[in-house]
Amino acid sequence: MWFYVQHVLIPHQESEAARYDIPRGNLSDLYPRWLGAQELLLHGRDPYSADVTREIQTGYYGRPLDPSRPHDPKDEQGFAYPAYVVFLLAPTVTLPFAMVQAGFRWFLVGLTGASVWLWLRMLRWRVSVETIAIMLLLTLGSFPVLQAIKLQQLSLLVAGLIALSAMLLAESQLFWAGVLLAVATIKPQLALPVLAWFLLWVLSDWTHRRSFWWGFACTMAALTGGAEYLLPGWAGRFQEAVVAYRRYNQGAESVLDVLITPHWGKALAVLIVVVLGFVAWRHRRDPAGSETHNQVTAAILAATVVVMPKASPYNQILLLPGVLVMLQRGRELWSQSLARRAVTVLCGLTLLWPWLAALALMAASVFLPAESIQTEWAVPLYTNMAIPVAVLALLVLGGGRAEAA
């Protein structure tokens, strides 16, 4: 997969950029947030302003975008995050971005590797050192994670915070679980679904679980209050940035929209949300760390990837707990009916396809010129949209057995 990204995908993108005069700067998703934090903390400037957005484009793309150029990207790379993200980046704003970029890349590698251990700890699944090494290799060698590391995507940071929060919840460290999930709301679209599930769980036994709420509420108050002190009225500016983001990303579609058309995709997304809401309500009293609680958590994270409006591969890091849940219960899945075995095999092949295709391209590179290999850059991504659906389907298949147990 590393070979595919470095020697097939990136060269293809570079050749397309040269052919159509598409600008390429540092292309770091961290950069807009870092520059916005630097301008707010050091110079008191509004990171949501048009002037700062143009400066972000200069670094991210190499020059400001020009609407008159047909091949210029549509994503304006504005500061479309809650203002309190600057507190996480505050220690880095006085450093050169090249140093921050390199350090953050290795930080994401370490955090993503640690996430594997955190999810295993939540599942109370003891495996050998060799098995953990294989899991780490496959996680860090998956396309979504490689893409996120290359882009320095904050989705990996949020996924790590969610993993740590879920593990602490299973370990009965409820206050700190709430604190970390509050910090994870720097990407609300990723954190809010699992937050809703955890809050429902808290409300079902307020007396014994309320410390999660206090950890979350106190942290959110500190983050939002501090952001308001630095940038009065930031919430309105953030809302405007989100509206602008949706405008220049009008073509952004969910996984379901791509697979079965936007009309039916939205209808199925509503159905998935309703069904998971019913399942969450049914298991709201289950103890954290129990098999059913873990499976609901994994299913909600998988559904988040399936129904969210932007189907970016790097968000598929949220599928990791679902994959681990199904691996943990693999023998049970395989012992069920022939039809369920067939679905399990089909979903498994969907998950394996990117690695198999990348391996085939690497083998073909021994005999074929690089230009020929690069024309097949899309082959490992053929099942990209189907992978979140496959993971969610496997979780649903295993749900009935878990409840029966």
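The values are calculated or read from the model by the stated rules, or taken from the named source; none is laboratory data. For clarity, every value in this text was computed on a predicted model and none was experimentally measured. Counting neighbours? That spans all protein chains shown, and the Cβs are built from the backbone with ideal geometry, glycine included.
A count restricted to segment 68-92 and to residues that are β-branched (Val, Ile, Thr) and closer than 28 Å to Arg246 by Cβ stands at 2. On inspection, Ser211 passes the criterion of being among the hydroxyl-bearing types (Ser, Thr, Tyr) and free of Cβ contacts under 8 Å to residues at least 40 places away in the same chain. Of all the numbered requirements in (1) more than 30 Å from Ala102 (Cβ to Cβ); (2) in contact (Cβ under 8 Å) with a residue 12 or more places away in the chain; (3) among the aliphatic types (A, V, I, L, M), Leu192 misses one, and that requirement is (2). Which one is farthest from Leu256 (Cα to Cα) among residues in segment 312-334 that are among the hydrophobic types (A, V, I, L, M, F, W, C) and under 13 Å from the mean Cα position of the chain (by Cα)? Result: Leu320. Do we find a residue being among the β-branched types (Val, Ile, Thr), out of contact with any helix residue (DSSP H, G or I) (no Cβ under 7 Å at 6 or more places or on another chain) and at pLDDT below 95 anywhere in segment 324-343? Taking every residue of segment 324-343 in turn, none turns out to be among the β-branched types (Val, Ile, Thr), out of contact with any helix residue (DSSP H, G or I) (no Cβ under 7 Å at 6 or more places or on another chain) and at pLDDT below 95. Each residue in segment 27-48 was checked for being touching a residue at least 12 places away in the same chain (Cβ under 8 Å) and surrounded by fewer than 16 Cβ atoms within 10 Å (Cβ to Cβ), and 1 pass.
Criterion first (under 23 Å from the mean Cα position of the chain (by Cα), basic (Lys, Arg) and assigned by TED's automatic domain parsing to the domain that holds Thr92) does Arg33 satisfy it?
Details: under 23 Å from the mean Cα position of the chain (by Cα): yes; basic (Lys, Arg): yes; assigned by TED's automatic domain parsing to the domain that holds Thr92: yes.
Yes.
When the test is whether a residue is surrounded by 15 or more Cβ atoms within 10 Å (Cβ to Cβ) and charged (D, E, K, R), Asp51 does not pass it.
Contact annotation: residue pairs with Cβ atoms under 7 Å, 6 or more positions apart or on different chains, pairing a residue in segment 91-109 that is in contact (Cβ under 8 Å) with a residue 24 or more places away in the chain with a partner that is exposed (fewer than 12 other Cβ atoms within 10 Å of the Cβ), are Val93/Leu42. Among the residues of segment 361-389, write down those that are in a helix (DSSP H, G or I), more than 29 Å from Ser254 (Cβ to Cβ) and free of Cβ contacts under 8 Å to residues at least 40 places away in the same chain. The answer is Ala363, Ala364, Glu371, Ser372.
Residues satisfying the criterion are present in segment 186-194 (criterion: within 21 Å of Leu88 (Cα to Cα) and among the basic types (Lys, Arg)). For segment 307-323, the count of residues that are surrounded by fewer than 17 Cβ atoms within 10 Å (Cβ to Cβ), among the charged types (D, E, K, R) and in contact (Cβ under 8 Å) with a residue 24 or more places away in the chain is at least one.
For Pro309, are the conditions met, namely being over 19 Å from the mean Cα position of the chain (by Cα) and not in a helix (DSSP H, G or I)? No, not satisfied. The test for being of a type outside the set (Phe, Trp, Tyr) and without any contact (Cβ under 8 Å) to a residue 12 or more places away in the chain holds for Gly233.
For segment 335-346, does any single residue satisfy the condition of being of a type in the set (A, V, I, L, M), closer than 28 Å to Ser165 by Cα, over 20 Å from the mean Cα position of the chain (by Cα) and not assigned by TED's automatic domain parsing to the domain that holds Phe143? Don't jump to the end; show me each part of the working.
Residues of segment 335-346 that are of a type in the set (A, V, I, L, M), as a first pass: 338-339, 342-343, 345-346.
Retained after the next criterion (residues that are closer than 28 Å to Ser165 by Cα): none.
Checked against the condition, which is being of a type in the set (A, V, I, L, M), closer than 28 Å to Ser165 by Cα, over 20 Å from the mean Cα position of the chain (by Cα) and not assigned by TED's automatic domain parsing to the domain that holds Phe143, segment 335-346 yields no hits at all.
In the set Trp106, Trp119, only one residue is out of contact with any Gly (no Cβ under 9 Å at 6 or more places or on another chain), surrounded by fewer than 21 Cβ atoms within 10 Å (Cβ to Cβ) and either under 24 Å from Tyr382 (Cα atoms) or aromatic (Phe, Trp, Tyr) (or both); that residue is Trp106.
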